[in-house]
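The values are calculated or read from the model by the stated rules, or taken from the named source; none is laboratory data. This structure is a prediction, so every number in the text was calculated from the model and none was measured. So basically every Cβ, Gly included, is an ideal-geometry build from the backbone, and we count neighbours across all protein chains shown. Each accessible area value is taken on the protein alone, full model and side chains, heavy atoms only, with ligands, DNA and RNA left out. Shrake-Rupley method; radii C 1.70, N 1.55, O 1.52, S 1.80 Å.
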Amino acid sequence: PKCGEMGASEVFCVNEPTGFSLFCEYIGYVFVFVFGTFNSIRAIETKGGDDDRQWLTFWIIYFMFSIVERLSSVLLSQIPSYYELKLCIIIWL
């Protein structure tokens, strides 16, 4: 449950991002799906397999990160500047 909802515990609830954190969350989604998809398609169309492996690795890491994030959303949402840190990690990948 989200913090502030009826019946939500003060300890076990998910803080929704607001302000700059919300902006970073959406920019992260756009960055992954637009930039990642574009570069993955471009890598498939080129000869050689190095860039294919790089983007396959990117998608595997992103998928694993998403699973961990979904399973531990209560803990991660309590970390200050979590969404900003997440955006930095996505850009680094």
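Tabulated data for the structure shown
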read-out	value
Simple spin-label estimate for V30 and C88 in nanometres, 7 Å along Cα-Cβ	2.1 nm
Residue among V34, N15, Q54 farthest towards the positive dipole end of the chain, charges placed on Cβ	Q54
Gyration tensor (alpha-carbon) shape descriptor, segment 24-67, a/c threshold 1.5	oblate
Descending semi-axes in whole angstrom, ellipsoid equivalent of the chain, from the Cα gyration tensor	33, 13, 10
Surface accessible to a 1.4 Å probe, L85 within the full protein complex, Å²	100 Å²
Gain on full stretching of the segment that runs from R42 to F63 - 0.36 nm per residue minus C-alpha separation	5.5 nm
Average projection area in nm² (convex hull over Cα atoms of segment 48-93, one quarter of hull surface)	3.2 nm²
